[in-house]
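Input: a single structure, listed below in structure tokens.
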Amino acid sequence: MSDALAGLGGSADAGALASPAPVPQESAAGATRSRFWARLLRNKVAMAGAIYLVLVVIAAIFAPLLTSHDETFATRFQDILFSPGEAGYVLGTDHVGRDILTRIFFGARYALIAGAEAVLVALVIGVPFGLAIGYFRGWADRIGMRFVEIVVAVPAVVMAMAIITGLGTGLTNAMLAIGLVFSMIITRLVRAEVFAAREEFYVDGARAAGASDRRVMWRHILPNVAPPLIVQTTLLFAQAVLAEAALSFLGIGADASQASWGRMLRDAELSIDRTIWPAIPPGIAIFLTVVAFNVFGDGLRDAFAREARGGRVGVGDVVPKERSAAAAPPRPPGSDDPLLILRGLDIVFPKPGEGTDMTVVRDVNLDIGRGEVMALVGESGSGKTITGLSLMGLVPDPGQASAESIVLDGRELVGMDFNDLRWIRGREIGIIFQEPSAALNPAYTVGRQVAEPLRVHLGMSKREARERAIELFAEVGIPDPHKRIDAFPHQFSGGMAQRVMIAMALSCEPKLLIADEPTTALDVTVQGQMLDLVGELARSRGVSVLLITHDLGVVADLADRVAVMYAGEIVETGRLTDVFATPRHPYTEGLIAAIPRNEPRSGDLPTIPGVVPPPWEWPDRCHFADRCPYEAIECRRGPVDLRQLGASLTRCERSHELELRGVQHAAVVAIAGWEQPTGEGEPA
Amino acid sequence: MLRLLVSRILAAIPLMLMVATLVFFLAQLNPVDPAATIMGDDADLESLAEKRAELGIDRPLVVQYWDWLNSAVVGDLGTNWFNGEEITTELRDRIPVTLSMVFGSLIVALAIGSAFGVLAALKAGRWPDRTITVASSLGLAVPNFWIGLVLAYYVGVKLQWLPAIWPTTRPDSLARWVEALILPCVALGISASAAIARQARSSMIGVLQRDYVRTALAKGLPVRRVVSRHAIRNAAIPVVTLAGFQTSALIGGSIFVEFVFNVPGLGRFGVDAILRQNMPALLGFVIVTAAVVVVVNIVLDLSYAWLNPKVRPE
């Protein structure tokens, strides 16, 4: 994540900020291969499948040695059917007296050979074909895909049957036919992967470096196509085993002299009026083999790319916690009768790949006054977004939030369950997210989505809610609200979609509006307008705002108060003017220095070196020390508490002796904002 | 919607034509003389030549193709080489049997598969999810004709609850028709349910992590509404796509199930056609199957447009 450097300068890494949980991804480079094997070997189900398959291979190779009976040998007594165990037949015999166990072993041969034939044919045809049409695109692609489309327009078995008609029946021909049909699947897969790989810069890079087409294809594209191809091949092998059994069962695959599992089922059907038994062992053999290939294929897939973390409506409310330390922290500066009082918020997540917990937000205290705009500022990974979400009980799974108290307008929210909190969400607290186009449901018109909370919370009729939604659209500056209300989210630009979100968030007249990076995903030209709009609406309605941002410049002319967060902790909080003029924490100084401004300076835009470390690396002392230019021996002693200094609170061991460089607030406003300074530019 | 429908139908025509062409020439690859198959080994050369002339297969391939295509376009798929019946008529009797089996299974599979898939997603990582995941991967691996055999034996022969084979006389009442369909539908539908459950689970898990679900929660909606309104509709899109593939797979699978239960449907007809090198019958079988798949896909395209406004034409 390069965000830490760039983010301080004003641009942002939208992807990193968008993730609801500040859990950094494992770094991809380097040990990918060893991790692949480690993950695969750790997957017990996949390994069980692999072991079973090895057993099948052994049975197939050594079939003649494993049994004293002959594959096709029938007892002299035609029409005799020994039960399992009878006359030395472990699994009994079929209706002409052939030993079932022997035939199961030999059946493994036919299954594996048939599967290998089909998969080989599919790969030999599908891979070059897919590579070619994916690489050359244009006409080659159009004609090739047309052909694939024709073949897959008919069910695979039916197409295979048509091919078998041309080739003649028999096991080899049948599997050739199946392979031909499967090759279309491989073609499509390879083509899609090549298309994806082409978009990657390394292919363009290789071409720019003068590599030939063929070289690019084999050396650069194929390795990227390989993982999905390996997975698909394994799964197709399972399908081929099934197809072999199915076609042999119909009598158009293996012939009567071949002890294929499918053929055995066909024979078993002949005596089904007497007993089902001869059908059971081959059925189970097919079933287990297919399961084994499938679970092994799934295991490979998971090992190549771990699936996204498990779902469910994964949000958790905040559970109560006792204050452990004796000394209460100093009260955050603010008004005497704040709207929101947050005390002792902790949020923990399970550490990726391990069972232990890691703390991503620690002991956050926050007061937001009535009608006040509070800015929560910090780099991505500092825990500010999740702090905002916790106020509404929306901490994503598997996160766990606990707090001593969250009081909203005199009401305690801690301990409320999901359903109690429903009357807070949308009704008392509205929220705007960073990525407006993702935050709106693509399947419904924006009007319905804005009307929804009105109907649920205020009990409006469909018609009333619609009228109100149109009014709200007009208030947030959406032109033509009567028409636009019936449009779908994809028909809106980012800025307009964010206006829809604002209308939705304010629809039930909430007391608190959480704006989580409301402008980060938007075009620079509309960012200023959007902040103006939020500020105006909040002021005119007397709504308090929690403005979450990574960019201190953004808050300069909007916020009354600032809380700076770093690595899960609030490191400084105070009135905006104080924080700007006399920062009390080195991190704040760094953030201020990184605001682009209109004054001559030499060299690059100053940034704070390094990035926010992942939560499991946070030390048990000052979290910022490793990046701090003023770091000294006392910073390494132990945890640092928030302390009062001037009108602000700061979490710095050396704050009293440092003279940190601030900025005249007005100067920042004049040049940092995208908007023109207006008369009301000076808040508080 | 109408324009979408018309454009889909227009696109389907060349596709059907190509399928017909491909299969026609594919079937000609076989060196075996159909006349010899029909007349038996002891037929003399003269009568074989006569038979070939009668079947029209002594003419150049292109002429045969053109002739066949011209009649096929107006719904005449030729005459069965072996029994002299009109193939169109034979197929017409069989289509309803196979389709009721396929759609019976599909509807049940969609209902069961979606319900279990959504449940698994909502309980992701907990025991209902694990149970459903295991069950669905097992369900995908069982050959349908084997389930058919086992069901026919236990439910049909042993318990005698339901007919083990299709009644030899045409079922005369709806009740008997349904009764005869139950076991074949169950045998056929298990793997489809499993596939749909897996897809429903994974797309639901994906959708539940989307921002708009968080938005819906942030509005203060009850979980049930978030799931039923905001999540399911979006999660349904890949499921609908899969249902298209599944229809095709079910038609393919019906061949084997029909074989087990002796159902007089398309599948048996197709298998007989292959075993006896009965070209006009095979062609008719493939064309009709392709047509069913094409129609189903058009219907799915329309429902896809309903689910996903982005692909809806303005």
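When the accessible area of each residue in region A:138-161 is compared between its chain alone and the complete protein assembly (1.4 Å probe; ligands, DNA and RNA ignored), which residues differ by at least 50 Å², being lower in the assembly?
A:Arg146, A:Ile150, A:Ala153, A:Pro155, A:Val158, A:Met161
Given H placed on each backbone N at 1.01 Å, which residues far from A:Tyr566 in sequence or on other chains put an amide H within less than 5 Å of it?
Hits under the 5 Å cutoff: A:Val571.
Give me a single rounded figure for B:135-142: the average over its residues of other chain Cβ atoms within 10 Å of their Cβ.
Neighbouring Cβ atoms belonging to other protein chains average 5 per residue here.
Other chains' Cβ within 10 Å of B:268-276 residues: what's the mean?
Mean shielding count: 3.
Using θ = phi - 60° and the Karplus relation 6.51 cos²θ - 1.76 cosθ + 1.60, list the HN-Hα couplings for region A:266-272 in order, rounded to whole Hz, with x at every Gly or Pro.
Those phi angles translate into 4, 5, 4, 4, 5, 10, 5 Hz.
Among B:Ala36, B:Ala218, B:Ala281, which one moves the most in a GNM of chain B with springs linking Cα atoms closer than 10 Å?
Highest fluctuation of the listed residues: B:Ala218.
Could you compute how much accessible area chains B and A hide from each other, both sides summed, with a 1.4 Å probe? Nearest 100 Å² is fine.
6900 Å²
Given Cα positions, please report Rg to Rh for region A:508-610, the hydrodynamic radius being the Kirkwood one.
Rg/Rh for region A:508-610 comes to 0.98.
Given a 1.4 Å probe and heavy atoms of the protein chains only, how would you sort B:Ile251, A:Ile113, largest accessible area at the top?
Accessible-area ranking of B:Ile251, A:Ile113, largest first: A:Ile113, B:Ile251.
Nearest 10 degrees is fine. How inclined is helix B:127-139 to the longest principal axis of chain B, computing both from alpha carbons?
10 degrees
Round to the nearest 10 and report in Å² the accessible area of B:Met1, as given by a 1.4 Å probe over the protein chains' heavy atoms.
For B:Met1, solvent-accessible area is about 110 Å².
How far is it, in nm, from the label point at A:Lys351 to the one at A:Arg146 when both lie 7 Å from their Cα along the line to the Cβ?
Those two pseudo-labels are separated by 6.0 nm.
Pick out which of B:Glu90, B:Glu46, B:Glu258 has the largest mean-square fluctuation in a Gaussian network model of chain B, springs linking Cα atoms closer than 10 Å.
Checking each option, the largest mean-square fluctuation is seen for B:Glu46.
Spelling out what I want: for every residue of region B:8-15, take phi, set θ = phi - 60°, compute 6.51 cos²θ - 1.76 cosθ + 1.60 (Karplus), and round to whole Hz; glycine and proline get x.
Couplings: 5, 5, 4, 6, 6, 4, x, 4 Hz.
Taking 25 °C and 0.890 mPa s as the conditions, I'd like the Stokes-Einstein D for the protein assembly as shown in µm²/s, using the Kirkwood hydrodynamic radius from alpha carbon pairs.
75 µm²/s
Which distance in nm do the two modelled labels at B:Asp41 and A:Val57 give, with both placed 7 Å along the Cα-to-Cβ direction?
For B:Asp41 paired with A:Val57, the spin-label model returns 4.3 nm.
Rounded to whole Å, give me the distance from the Cα center of region B:136-152 to that of region A:163-193.
Distance between centres, Cα-based: 24 Å.
Lysine pairs in the protein assembly as shown with Cα distance under 19 Å, only those 8 or more apart or on different chains: how many are there?
So the count works out to 5.
Rounded to whole Å and sorted largest first, list the principal axis extents of the Cα atoms in region B:90-194.
For region B:90-194, the Cα extents along the three principal axes come out at 51, 31, 22 Å.
On average, how many beta carbons from a partner chain sit within 10 Å of the beta carbon of a residue in B:152-162?
If you average over the peptide's residues, the count of other-chain Cβ atoms is 2.
Gap in Å between the Cα centre of region A:392-465 and the Cα centre of region A:512-554?
About 18 Å separates the Cα centre of region A:512-554 from the one of region A:392-465.
Which residue, chosen from A:Gln239, A:Gln529, A:Val450, occupies the Cα position most advanced towards the positive end of the dipole of the protein assembly as shown, where the dipole is computed from +1 (Lys, Arg) and -1 (Asp, Glu) charges on Cβ about the Cα centre?
Going by the charge dipole, the pick is A:Val450.
Send over the per residue convex hull volume for region B:1-57, Cα only, as a whole number of Å³.
With only Cα atoms used, region B:1-57 gives 94 Å³ per residue.
Give me the net charge of B:Asp41's neighbourhood, meaning all other residues with Cβ under 14 Å from the Cβ of B:Asp41; Lys, Arg count +1, Asp, Glu -1.
-2
Is region B:91-311 best put as rounded, prolate or oblate by its Cα gyration tensor, with a ≥ b ≥ c the root eigenvalues, rounded for a/c under 1.5, and otherwise prolate when a/b is larger than b/c, oblate when not?
Note, shape of region B:91-311 comes out prolate.
Treating the beta-carbon of each Lys and Arg as +1 and of each Asp and Glu as -1, no other charges, what is the dipole magnitude of the protein assembly as shown about its Cα centre, to the nearest 20 debye?
So the magnitude is around 660 debye.
Which Cα, out of B:Phe103, B:Pro280, B:Ser228, lies furthest along the positive dipole direction of region B:91-311 (beta carbon charges, K/R +1, D/E -1)?
B:Ser228
Starting from the amide H of A:Asp357, placed 1.01 Å from N in the peptide plane, find each other amide H under 5 Å away whose residue is 5 or more places distant or on another chain.
It is A:Lys351, by chain and number.
What are the residues whose amide H is under 5 Å from the amide H of A:Gly170, where those residues sit 5 or more places off or on another chain and H is modelled from the backbone?
HN-HN under 5 Å from A:Gly170: A:Gly253.
Taking the Cα-to-Cβ direction at B:Leu10 and at B:Thr131 and moving 7 Å from each Cα, how far apart do the two end points lie in nm?
Rounded to a tenth, the inter-label distance reads 5.3 nm.
Would you calculate, for chain B, the mean residue ellipticity at 222 nm contributed by helices, counting each DSSP H stretch of 4 or more residues as -39,500 (n - 2.57) and dividing by all residues, to the nearest 500?
About -24500 deg cm²/dmol.
Among B:Ile13, B:Gly40, B:Leu26, whose Cα projects farthest towards the positive end of the dipole of region B:2-73, with charges put on the beta-carbon of Lys, Arg (+1) and Asp, Glu (-1)?
After comparing all options, I get B:Ile13.
Leaving ligands and nucleic acids out of the surface, order A:Lys321, A:Lys511 by accessible area at 1.4 Å, largest first.
Ranking A:Lys321, A:Lys511 by accessible area, largest first, yields A:Lys511, A:Lys321.
The values are calculated or read from the model by the stated rules, or taken from the named source; none is laboratory data. Just so we're clear, the structure is a prediction, and the values are computed from it rather than from any experiment. Counting neighbours? That spans all protein chains shown, and the Cβs are built from the backbone with ideal geometry, glycine included. SASA here: full protein model, heavy atoms, side chains in, ligands and nucleic acids out. Shrake-Rupley method; radii C 1.70, N 1.55, O 1.52, S 1.80 Å.
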